[in-house]
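Some notes on the structure that comes next.
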Amino acid sequence: MAVGELKDASGVPLGRPGARMGWKTTTHLTKGRLFVLGERGVSAEIEQRAADAAAAVARAWRDRR
């Protein structure tokens, strides 16, 4: 999602929304694009759903051979 030029974002407190939710955020500039990264733990429910989805994909791939 493009929101404007990098110069338009200077001085904007990009990490503030995440900080309000207790997340540790960092910003990273790569090839003229600014990324705001949030470091937070993954809940057990999300981790289980991801594992189930990966297993289903692996089974589907194996079964189609």
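The values are calculated or read from the model by the stated rules, or taken from the named source; none is laboratory data. Not measured: the values here are computed from a predicted model. All Cβ positions, glycine included, derive from the backbone under ideal geometry; neighbour counts span all protein chains shown.
Below, the figures for the structure above:
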| quantity | calculated |
| --- | --- |
| Those residues of the stretch 17-32 which are part of a loop (DSSP other than H, G, I, E, B) and either touching a Cys at 6+ places or on another chain (Cβ under 6 Å) or modelled with pLDDT of 75 or more (or both), in sequence order | Lys31, Gly32 |
| Selection from the stretch 33-51 of residues that are loosely packed, with under 10 Cβ neighbours inside 10 Å and at pLDDT 85 or above | Arg33, Ala44, Glu45 |
